[in-house]
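The values are calculated or read from the model by the stated rules, or taken from the named source; none is laboratory data. Just so it is clear, the structure is predicted and the values come from calculations on it, not from any experiment. Backbone-built Cβ (ideal geometry, glycine too); neighbour counts: all protein chains shown. Side chains included, ligands, DNA and RNA excluded: accessible areas come from the protein's heavy atoms. Shrake-Rupley method; radii C 1.70, N 1.55, O 1.52, S 1.80 Å.
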Amino acid sequence: MARGTDERASALLFGYDLNALADTPRLAVVSAGALVSAILFAWLQEMVFQIPGFKFGGFMTLLTSLTFMGCATLELYTKGKLSERKGEMKDYLVLSLCTAGGIYFTNWSLTYINYPMRVMFKSSKLLPVMVMGLVIAKRKHTKGEYMCAGLLVAGIIAFAMADARGSPKFDMRGILIISVGVMLDAVTSNFEEQKFFRNKDCSHEEVILYSYAIGSVWTLITITSTGELGTALTHSSAHPEVYWMTLMFSAMGYLSIVFVLLLIKLFNASVAEAVKSVRKITTIVISFLFFSKPISGLHVVGFVLFVGSVGLGMQQKLSANNHPAKEDKLDPAEVDVLLELPAPGASQPV
């Protein structure tokens, strides 16, 4: 299951060589790290929703972007690659707009929809990624992938109908807004693949550093011009937990990305897909268990369809396990963690 010695020599986690561990404990550590960090991310972030008066998604996006930038800087520094840059700045400017836009619209949508709906909808990034991959990257898709997409769409429809009937937090505006966010995420995935990973062989740390650093500037300009920054700072001074909770869930989000990339590097994409599948399902379950929400029969149907889609997607990865493993890159076909990570709710003029 594990890789050869040459590949494993570069399996570093903030400077620590994971190859000091044997295969079994290394798999346990990296898998647990990916799952626990992602679950903590989701749990802490939804906790932010419970803070009285919290509605500053743009401000949260800024803090999250700065945290991701700091983590990527630290990782590059520990690897001695901080001064290196393979990607072109003009491409990073485009990528940062798509990245910041995707997070911003996701934030805004959570003013109108529940967290589990967000998780499902962000998983639907599969749909535009498939279309754009077919058109832009000339990537062919299997019947299984189309079946997976169909189950996902059916699950989202059932869940949306359930929320529309019984949830106090459901508005069609949220569906439309997050749809824009998902489209921007898909553009980001394909743009990254074409401009940075396929052509330039950039590291994930470099792409995260520059895209989020520049993206934080776009976010700062936006929330300053809308007046959100001043209001958010006033609110956060009265509720300082906003800062530490945001920093914690952002750091957990970054760690989740790193651990999934390590799973692919040290083992294979199928192992990473299994962990991500558990993460998606567990996130929804935790949201219903720890944060009271009405549950109906349609919720159950939607959840079952969603689980079916996730399971079929994992089976597709397992069936493709005969292909050689890819390098430590954010391939949109395998590593969707970054763009699927949930983001805090936002308040925008409508």
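Condition first: in a helix (DSSP H, G or I), among the hydrophobic types (A, V, I, L, M, F, W, C) and under 21 Å from the mean Cα position of the chain (by Cα). Can you find one or more residues in the stretch 80-90 that meet it? Within the stretch 80-90, none of the residues are in a helix (DSSP H, G or I), among the hydrophobic types (A, V, I, L, M, F, W, C) and under 21 Å from the mean Cα position of the chain (by Cα). So Gly53 passes all but one of these: (1) crowded, with 17+ Cβ neighbours inside 10 Å; (2) in contact with a His (Cβ under 7 Å, 6 or more places away or on another chain). Which condition number does it fail? Unmet condition: (1). Listed by first and then second residue, the pairs with beta-carbon distance under 8 Å, at least 6 apart or on different chains, first residue in the stretch 15-26 and charged (D, E, K, R) and in a helix (DSSP H, G or I), second at pLDDT 70 or above and surrounded by 11 or more Cβ atoms within 10 Å (Cβ to Cβ), are Arg26/Leu18; Arg26/Asn19; Arg26/Leu266. Restricting attention to the stretch 28-46 and to residues that are out of contact with any Gly (no Cβ under 8 Å at 6 or more places or on another chain) and among the polar types (S, T, N, Q), the residue that is surrounded by the fewest Cβ atoms within 10 Å (Cβ to Cβ) turns out to be Ser31. In summary, Thr226 fulfils each of the numbered conditions (1) more than 30 Å from Leu35 (Cβ to Cβ); (2) crowded, with 16+ Cβ neighbours inside 10 Å with the single exception of condition (2). Find all pairs meeting these conditions: Cβ atoms under 6 angstrom apart; at least six residues apart or on different chains; first residue within the stretch 163-181 and open to solvent by 40 Å² or more (accessible area, probe 1.4 Å); second residue assigned to a loop (DSSP other than H, G, I, E, B). Correct list of pairs: Ala164/Phe170; Gly166/Pro294; Gly166/Ser296; Lys169/Asn114; Asp171/Tyr112; Arg173/Tyr112. The residue that is most open to solvent (accessible area, probe 1.4 Å), among those in the stretch 241-276 that are hydroxyl-bearing (Ser, Thr, Tyr) and modelled with pLDDT of 90 or more, is Tyr243. Within the stretch 148-202, track down each residue that is modelled with pLDDT under 80, closer than 28 Å to Leu82 by Cα and outside any helix (DSSP H, G or I). Passing the criteria: Asn199, Lys200, Asp201. Considered as a group, the residues in the stretch 119-147 that are more than 18 Å from Leu312 (Cβ to Cβ) and open to solvent by 30 Å² or more (accessible area, probe 1.4 Å) include one that is modelled with the highest pLDDT, and that residue is Val131. Search the stretch 120-138 for residues that are under 16 Å from Ile281 (Cβ atoms) and pair each with any residue that is in a helix (DSSP H, G or I) and at pLDDT below 70 when their beta-carbon atoms are under 8 Å apart and the residues are at least 6 apart or on different chains. Short answer, once both residue conditions are applied: Lys122/Leu339; Lys122/Glu340; Ser123/Glu340.
Are any residues in the stretch 93-118 among the hydroxyl-bearing types (Ser, Thr, Tyr) and either surrounded by fewer than 24 Cβ atoms within 10 Å (Cβ to Cβ) or without any contact (Cβ under 8 Å) to a residue 24 or more places away in the chain (or both), and if so, which ones? Scanning the stretch 93-118 gives Ser96, Thr111, Tyr112, Tyr115. Using the structure shown, decide if Phe59 is touching an Asp or Glu at 6+ places or on another chain (Cβ under 9 Å), part of a helix (DSSP H, G or I), in contact (Cβ under 8 Å) with a residue 12 or more places away in the chain and open to solvent by less than 20 Å² (accessible area, probe 1.4 Å). Considered against the rule, which asks whether it is touching an Asp or Glu at 6+ places or on another chain (Cβ under 9 Å), part of a helix (DSSP H, G or I), in contact (Cβ under 8 Å) with a residue 12 or more places away in the chain and open to solvent by less than 20 Å² (accessible area, probe 1.4 Å), Phe59 comes out as yes.
Per the conditions (1) open to solvent by 40 Å² or more (accessible area, probe 1.4 Å); (2) within 20 Å of the chain's Cα centre (by Cα); (3) closer than 19 Å to Gly101 by Cα, the sole criterion not satisfied by Ser216 is (1).
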